[in-house]
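Taking it in order: structure first as structure tokens, then the write-up.
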Amino acid sequence: MKDLFQTALGITSPWYIESLNFDADQSRLDIFINFQRGTTFKDPEDPAGKEYKAYDTVRKEWRHHYCPVKHKPAPDSPDSGVNWLQFYPADH
């Protein structure tokens, strides 16, 4: 089931669906997205495009066609402080 949603939402490596939770009473589907451990991310504020490992994550919630998408890492960038990476499904 996770593979089906990853394909439908255009989620590709290093991102993956960690879990799905459907609540029929609330007609709600929660999709929890994570990234592979050890992944490096480009600092969006760095013109040279340096890459850093994520050092911290905070669960966030976005509503996307009634399906919340949760998870967002911050790169460990010593030069520019904390920057939040943007994750958008394929049709955003």
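Observations, loosely collected:
- Approximating the spin labels as points 7 Å out from Cα along Cα→Cβ, the Asn34-to-Leu4 distance works out to 2.2 nm.
- Protection proxy ranking, highest mean first, for peptides 32-44, 15-27: 32-44, 15-27, where packing is the per-residue count of other beta-carbon atoms within 10 Å, averaged.
Taken together, the values in this text are just the output of simple stated rules run on the coordinates, not laboratory data. Bear in mind the structure is a predicted one, so any value in this text is a computation, not a measurement. Virtual Cβ from ideal backbone geometry, glycine too; neighbours counted across all protein chains shown.
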